[in-house]
Amino acid sequence: MSGAGSYAVGMSHRPGPDEIVVVAGIPRSGTSLLMQMLGAGGMPLLCDGVRAPDPDNPRGYFELEAARRLARESGWLVAARGRAVKIVHALVPELPAQHRYRVLLVERRMDEVLASQERMLARAAQRDGTPPPAADERLGAVFAAQSTRLKRWLDAQPNVRWLLVPHADLIARPLGWAARIDEFLGGVLDRDAMASVVEPSLYRARGAPAGAGPVSDRSEVVGSCSGPSPLAPASERGEVDRSKRR
């Protein structure tokens, strides 16, 4: 078995430099936060900054435009080896089998996902001077079915190891989850730096009105889209190998 069931805390499964770390989830589930945590911990992020920070994500989206075209074009994944890339949940099954992946699947309560999406669309409509779109009551059921299918797909892939990351628990216990994620990725990241990224006030503001701006002035971008991979040998990183740090 290659999925979450084959991972256990205390087991060391350090990924190789050719593996790709995928951060996946339904839109507005917390994937941007997880990308920030990985970047702060020392993981290079494959993103392009095309989608700029805004009131909905004041620290940025950490997205890659090419990832939106994964179903049609996947050659860019070569550049993702040893890095983390954000991919929307519906496109994860399009990942080609010739690569090996570590998938971090973020899961958030569906009512919070839908409320966050509704606020984001309302802000966009307010900015554009257009009426907000009507809520689609079927969307939650569609997302839930897609998520179930994705987990089955992940379990069935011999080239994939994956870890489910509950969004609410990540917010409540950032250091504990930083440790678990780091262990899943081989013990090469700075756990304290990862945990320091989590800003509970941003999560508690999930009920903020559509016209509200960022709820925190701590909106600096954490992490970058370049740098040597921590999955590479220590000699290539120019530092002492920290894979056994606990």
Task: Those helices (runs of 4 or more DSSP H) lying entirely in segment 96-174 with at least 2 residues at pLDDT 95 or above and either of a type in the set (A, V, I, L, M) or under 15 Å from Gly25 (Cβ atoms) (or both) - done: 139-156, 167-172
- [ ] Answer yes or no: is there a residue in segment 183-193 that is among the basic types (Lys, Arg), out of contact with any Lys or Arg (no Cβ under 6 Å at 6 or more places or on another chain) and without any contact (Cβ under 8 Å) to a residue 60 or more places away in the chain.
- [x] no
Task: Residue match in segment 195-211 (condition: part of a helix (DSSP H, G or I), at pLDDT 95 or above and hydrophobic (A, V, I, L, M, F, W, C)) - done: yes
Task: Gly49 vs. criteria touching a Gly at 6+ places or on another chain (Cβ under 8 Å) and in contact (Cβ under 8 Å) with a residue 40 or more places away in the chain - done: yes
TODO: Please verify whether segment 53-63 includes one or more residues that are more than 17 Å from Met120 (Cβ to Cβ) and assigned to a loop (DSSP other than H, G, I, E, B).
DONE: no
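The values are calculated or read from the model by the stated rules, or taken from the named source; none is laboratory data. The model shown is predicted, which means the values in this text are computed figures rather than measured ones. All Cβ positions, even for glycine, are placed from backbone atoms using ideal geometry, and neighbour counts span all protein chains on display.
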